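Coordinate-derived values only; no laboratory data. For clarity, every value in this text was computed on a predicted model and none was experimentally measured. Don't worry about glycine lacking a Cβ; one is built from the backbone with ideal geometry, like all the others, and counts go over all protein chains shown.
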Amino acid sequence: MIPVGPTPSALAVTPDGKWLYVMTAAGVVEVVDTALSTVAATISVGSSGDIAISPDGARAYVAAGLVYVIDTAANVVLHSFAAEATPIAGVTNTAWSVAFSPDGTRAYVGVVTFDMTAGVFSAGGGLLLVDTASETVAGTIDLFSLPGAIALTPDGSRAYVGIRYIWLDTGYGAGFFNGRYVAVIDTITKSIAAIIDLGADGPSFTQQNSPDGIGVTPDRSAVYTAIPRIGKVAVANVNTNAVTSLIPLTAPPGDLAIVADRAVALVPYVINAVNDSAATSTAGGTAVASVLANDQLGGIGVTTAHVTLTQQSSTSGGVTLDPATGEVNVAAGTEVGIHALVYRTCEIAAPSNCADATVSVTVRLPFVIDAVNDSASTLPGRTALANVLANDTVDGTPAAARVTLSAVSSTSEGITLDVRYGSVFVAVGTAPGPHTLTYMICESASPSNCDAADVTITVIPFPIDAVNDAGAALRTGGTAVANVLANDTFANATATLATVRLSQIASTHDGVSLNVANGAVTVAAGTPVGTHTLRYAICEIPITAANDSARASSKTASTALASVLTNDRLDNAAATTANVGLSLVSLTPASNKISLDVSNGSVKVLAKASSGTYTLVYQICEIAMPTNCAQATVTLDLSGSGGGGGGR
């Protein structure tokens, strides 16, 4: 028995076995001389946490709120840093657990994240990746839950992270729910590759088999996880990521450790190359995007970063494998029939660990693809055609699900094709008359098999009619006509200053003038007696929606764009929610974490949105004339890194 401070919670031993580092409840790391079984030094870090020693024994990392880096030669804290890539107001990231990669180049820090940015509390977490050479944050892996113990395979190819708690918000209530999983992290792709389910005895909070300590066998064949609730250790197969047995203990286990043995050879991961099949035409193209898409290495998906690819054989010289991408390509003119290509995939880390599979490619004559011309008439600011594909065919069947769509040309910038839906939109301000938009469809299975068609759009101007007026006034001056718009019409309704713009063209006397602000014709005092003529014009008020772009973090809730209306116009005035109505047309890719607030025009990102680029299309319509509309696009980039710990 070695006496140390109260409630020791974490242990780590240097590789030479001479020093034992013990974390105590007081936030003090005590360094024990294992030969003498006495405390030789104490290091204060302020709070309790986890400890890991680097493989070379030169550094101890302590995860205790912050990440503390200790020089084991001097037993002093060299420096500390926050467990996050970028600090975000309202987000707290707390370092909880830590482990080193076997080569010592990376430290993996489990981080618990508390988030108040959305105005309500939520919790999550992830892994912080630390570059041990610079001792700085190199990246994050989001776990969307609260991590616990971390263990790596002897070769560092995978990390296993216990999921202690999951934050659940049902809409009726929210809280922490006991986790029952171990996340399998692919350290090559830096992502969650699989989940080990430890099971439960029922749906209750208290019935979940929550993990504590985790260890990997020296031969990499199994993962051991302590489950205190049932007093057992779960044994999981690394190739299936499934629990194969439970080892009963005499008392509830907490942490665990497996004795390292470098003399033990690693058990190769099971490599599973799965046969593929595809069809294409003699026009040629890519038959299979990647033969690796359904292959696995040790129960997880593989990429060319995990395995090498080689073509073993092909029954046709026109059917070939691209080993850099995994594509199976068919050359134009390849003979009709069924062709077999055999490929081999080998683990990069263990080149003798290989498996073969066969790709069966059916080459046929090109289908007849027919893009049929369309025509439509519409007013500006409207969708002229719902879908250009509606009457197009491939092999005599509807083309919609079997082709890709692209715009070729348009005789007017105001006539545009939305390739996602096939719709043709006519922008406000597009000149009246006939316009032509040309599009192309190409067979998805044979991209060189294409056909083009024209869409003829006749843009109809809104009917507008300025009717002559007559009036009289005394030489002393006055109003001859109260409002010239009173008998004018626009879009089959009475023209108003909200729907048309008014301008004076000419007057036979300067004393007779038009007030464009209210439509009144006034006569100045002293204007000569007689008949005078004033000519005016009414024109449709244009509405313009301009494209926007914004960049925000996907890790935390925020307002990415204050208002899409900022650069939009209604005639010569700024478009506001007082003069235009706002609506969402589409969001690609679809997400319930991104919203357009139609009350103020803001684009908001909710916490934990998926990283990437989103396209939001919105429409504004004049309130006074709801048919006067325009559309614009917001390009939202959420690919930037957010907070730390894979949290927010």
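Suppose every K and R has +1 on its Cβ and every D and E has -1 on its Cβ; what is the size of the dipole of the chain about the Cα centre, in Debye to the nearest 20?
Here the chain has a charge dipole of around 960 debye.
Placing unit charges on C-beta atoms (Lys and Arg positive, Asp and Glu negative, everything else neutral), compute the dipole magnitude of segment 189-327 about its Cα centre in debye, rounded to 20.
220 debye
Let me check I have the definition right: for segment 464-540, take the eigenvalues of the Cα gyration tensor, multiply each by 5, take square roots. What are those semi-axes in whole Å, largest first?
24, 11, 10
Can you run phi through the Karplus equation (6.51, -1.76, 1.60; θ = phi - 60°) for segment 334-342 and list ³J(HN,Hα) in whole Hz, with x for Gly and Pro?
Working through the residues one at a time gives 4, 4, 5, x, 9, 10, 10, 10, 9 Hz.
With unit charges on the beta carbons (Lys and Arg positive, Asp and Glu negative) and the dipole taken about the Cα centre of the chain, which residue among Leu143, Gly90, Ser290 sits farthest to the positive side?
It is Gly90.
Express in % the proportion of alpha carbon pairs of the chain at distances exceeding 47 Å.
Counting every Cα pair in the chain, those more than 47 Å apart make up 42 percent.
Between segment 413-444 and segment 289-332, what's the alpha-carbon centroid distance in Å?
The distance from the Cα centre of segment 413-444 to that of segment 289-332 comes to 38 Å.
Rounding to the nearest 20 debye, state how big the charge dipole of segment 386-490 is about its Cα centre with +1 on each Lys and Arg Cβ and -1 on each Asp and Glu Cβ.
Dipole size: approximately 300 debye.
Report ³J(HN,Hα) in whole Hz for each residue of segment 538-543, in order, from the Karplus equation J = 6.51 cos²θ - 1.76 cosθ + 1.60 where θ = phi - 60°; Gly and Pro get x.
10, 10, 4, 6, x, 10
What does the C-alpha gyration tensor say about the overall shape of segment 101-249? Classify as rounded when a/c is under 1.5, otherwise prolate if a/b is larger than b/c, or oblate.
In terms of gyration-tensor shape, oblate.
Near the amide H of Ala193, under 5 Å away, which other amide H atoms are found, from residues 5 or more places off or on another chain, if H is placed in the peptide plane?
Here Val184, Ile185, Asp186 satisfy the definition.
Rounded to a whole number, what is D in µm²/s for segment 185-330 from Stokes-Einstein with the Kirkwood radius over alpha-carbon pairs (10 °C, 1.306 mPa s)?
Using the Kirkwood radius from Cα pairs, D works out to 86 µm²/s.
Per residue, how much space in cubic angstrom lies within the convex hull of the C-alpha atoms of segment 426-570?
In segment 426-570, the Cα convex hull volume per residue is 200 Å³.
Report ³J(HN,Hα) in whole Hz for each residue of segment 589-604, in order, from the Karplus equation J = 6.51 cos²θ - 1.76 cosθ + 1.60 where θ = phi - 60°; Gly and Pro get x.
Going residue by residue, I get x, 4, 7, 8, 9, 10, 9, 9, 8, 6, 7, 9, x, 7, 9, 10 Hz, with x marking Gly and Pro.
Set Lys and Arg Cβ to +1 and Asp and Glu Cβ to -1, take the dipole of the chain about its Cα centre, and tell me which of Val235, Ala200, Val428 lies farthest positive.
Ala200
Set Lys and Arg Cβ to +1 and Asp and Glu Cβ to -1, take the dipole of the chain about its Cα centre, and tell me which of Val264, Pro398, Ser583 lies farthest positive.
Selected residue: Ser583.
Once you have the Kirkwood Rh of segment 369-459 from its Cα pairs, apply Stokes-Einstein at 10 °C and 1.306 mPa s and quote D in µm²/s.
122 µm²/s
Radius of gyration and Dmax for segment 271-364's Cα atoms, expressed in Å?
Using the Cα atoms of segment 271-364, the pair Rg, Dmax is 13.0, 40 Å.
Could you give the distance between the Cα centres of segment 43-118 and segment 378-409, to the whole Å?
Using only Cα atoms, the two centres lie 56 Å from each other.
What whole number of Å gives the distance from the Cα centroid of segment 555-601 to the Cα centroid of segment 336-372?
Cα centroid of segment 336-372 versus Cα centroid of segment 555-601: 46 Å apart.
For segment 336-406, what are Rg and Dmax over the alpha carbons, in angstrom?
Cα radius of gyration and Dmax of segment 336-406 are 22.3, 68 Å respectively.
Work out, in µm²/s and without decimals, the Stokes-Einstein translational diffusion coefficient of segment 66-108 at 20 °C, 1.002 mPa s, Rh from Kirkwood over C-alpha pairs.
After rounding, the answer is 176 µm²/s.
Across 10 Å bins from the origin, how do the percents of Cα pairs in segment 340-497 run, short distances first?
Binned Cα distances yield the sequence 9, 24, 17, 14, 13, 10, 5, 4, 2, 2, 0.
If you average over every viewing direction, what projected area does the convex hull of the Cα atoms of segment 158-231 give, in nm²?
The orientation-averaged projected area of the Cα hull of segment 158-231 comes to 6.0 nm².
Of the lysine pairs in the chain, how many meet both conditions: Cα atoms under 26 Å apart, and a spacing of 8 or more in sequence or different chains?
8
When you take every Cα atom in segment 112-177, what is the radius of gyration, and what is Dmax, the widest Cα pair distance, in Å?
Considering segment 112-177 through its Cα atoms, Rg and Dmax are 14.6, 47 Å.
Quickly rank 147-158, 82-93 as a protection proxy: mean count of other C-beta atoms within 10 Å, highest first.
The packing order, highest mean first, is 147-158, 82-93.
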